[in-house]
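The values are calculated or read from the model by the stated rules, or taken from the named source; none is laboratory data. Predicted, not measured: the structure shown is a model, and the values here were computed from it. Cβ: placed from backbone, ideal geometry, glycine included. Neighbour counts: every protein chain shown. Accessible surface is based on the protein model in full, side chains and every heavy atom, while ligands, DNA and RNA are left aside. Shrake-Rupley method; radii C 1.70, N 1.55, O 1.52, S 1.80 Å.
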Amino acid sequence: MSGIGIDRDDVIVAPSLLSADFSCLGDEAADVVEAGADWLHLDIMDGHFVPNITFGPRVVAALRQRVKVPLDVHLMIEEPERFLGEFVEAGADIVTVHFEATVHIHRTLQRIRDLGAKAGVAVNPGTPVEVLRDLLDLVDLVLVMSVNPGFGGQAFITGTLARLKRLAELLATSGSAPYVEVDGGINRDTADRVRRYGADVLVAGSYVFSSPDRAEAIASLRGR
Ligand code: DX5
Ligand code: ZN
């Protein structure tokens, strides 16, 4: 993946700023980058698709000024097609939309690429990964939610492992090789499990931000 390419043998760690101190978001972003974050994961919530509200494109643009790493923007908003241009303009490198959030997922993914960003598609825990079959050649990243989206600090849903296995089978038959990202309840133990089931991008919010040693926490997600 040009621009955000990292050796595929290495897991990518993307701390989620949802668990950062929002009164000093720029400093928090810089701190986790210093601690070894590969990407920054930005959770955008609209109070409709999920029962929580976070921040929008202006905050993404401000963070773009603070850090150089790829910005991995996870849109938990209804009808995300309305805001794609604003998030790409703000500096999003990867824009991930939920399969469940738009009627026209195919067109929405095409549009993200047309705008010059990498396209990601996310599925909630209740959505079979098989719905992605006809979308795989349109995406650079598949995000498998391992909690129901909306909040940090929730417990990892164990059934995610079986879903990752089925996704790996789907990818093997499709010939596509998007990044496989897992988001929710990721810590040292669950990271180890999802890596063995084919995940190569790990999002972690509370685990990284509540750790007294963030560099150690990030390294532990890589199995070190
Ligand atoms: C949840 C968000 C996640 C969240 C993960 O809706 O998409 O990115 O920040 O938080 P943890 O790692 O604490 O489960
Ligand atoms: Zn997220």
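Which is more than 16 Å from ligand 2 (Cβ to nearest atom), without any contact (Cβ under 8 Å) to a residue 60 or more places away in the chain and under 21 Å from Ala199 (Cα atoms), of Val131, Val147, Val121?
Within the list Val131, Val147, Val121, the selection yields Val131.
Considering only segment 72-91, I want to know if a residue exists there that is in a loop (DSSP other than H, G, I, E, B), surrounded by fewer than 16 Cβ atoms within 10 Å (Cβ to Cβ) and within 14 Å of ligand 1 (Cβ to nearest atom).
Within segment 72-91 (the criterion being in a loop (DSSP other than H, G, I, E, B), surrounded by fewer than 16 Cβ atoms within 10 Å (Cβ to Cβ) and within 14 Å of ligand 1 (Cβ to nearest atom)), the answer is no, since none of the residues qualifies.
Tell me which residues, restricted to segment 38-61, are within 15 Å of Asp93 (Cβ to Cβ) and buried (at least 18 other Cβ atoms within 10 Å of the Cβ).
Asp38, Trp39, Leu40, His41, Leu42, Ile44, Pro57, Val60
What is the one condition in (1) within 11 Å of ligand 1 (Cβ to nearest atom); (2) farther than 28 Å from Phe83 by Cβ that Val182 does not satisfy?
Of (1) within 11 Å of ligand 1 (Cβ to nearest atom); (2) farther than 28 Å from Phe83 by Cβ, only one is false for Val182: (2).
Tell me the strands (runs of 3 or more DSSP E) entirely within segment 105-224 that contain at least 3 residues that are touching a Leu at 6+ places or on another chain (Cβ under 8 Å), open to solvent by 60 Å² or more (accessible area, probe 1.4 Å) and among the hydroxyl-bearing types (Ser, Thr, Tyr).
In segment 105-224, no matching strands (runs of 3 or more DSSP E) lie anywhere.
Quick one: Val11 ticks every box in (1) away from ligand 1 (no atom under 13 Å from the Cβ); (2) under 23 Å from Thr190 (Cα atoms); (3) open to solvent by 20 Å² or more (accessible area, probe 1.4 Å) except a single one, so which number is it?
(3)
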